[in-house]
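The next block holds one structure in the form of structure tokens; read it before the comments.
The values are calculated or read from the model by the stated rules, or taken from the named source; none is laboratory data. Note that the coordinates shown come from a computational prediction; the quantities given were computed from them, not determined experimentally. Here Cβ is always computed from backbone atoms with ideal geometry, including for glycine, and neighbour counts include all displayed protein chains.
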Amino acid sequence: MKAAIVILAVLLILALIVGGAYVGRRNQMAIKREAVNAAWAQVDVVLQRRADLLAGEPRLGLDELDLVAVRISYVDRQAKLTIMQFVEEFDFGGF
């Protein structure tokens, strides 16, 4: 009977440790996801500002499609960099 209680206690402690590690990792991922979203919001602000400046320059001869192509190219490149940085920075800790 005592052995069963000890085994149950060890399993309970082990479950708490694993659960705590899982919750901690999820919280880290949520924090990093919010940081990425904030960074993308800033990218959108900068891109909109640049588009507004370029659209105000008639001598450049850029039409709306050119601005969209520039934005798509920039966002695609930034997305690849962000994913690579996220993978490099995030320590999966054996999970």
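Descriptive notes on the structure:
- Check on ALA30, among the small types (Gly, Ala, Ser), at pLDDT 85 or above, within 28 Å of the chain's Cα centre (by Cα) and surrounded by 11 or more Cβ atoms within 10 Å (Cβ to Cβ): no
- Going through (1) surrounded by 12 or more Cβ atoms within 10 Å (Cβ to Cβ); (2) of a type in the set (Phe, Trp, Tyr); (3) at pLDDT 90 or above one by one, TYR74 falls short only on (3).
- LEU62 meets the conditions (1) modelled with pLDDT of 70 or more; (2) outside any helix (DSSP H, G or I) in every case but one. The failed one is (1).
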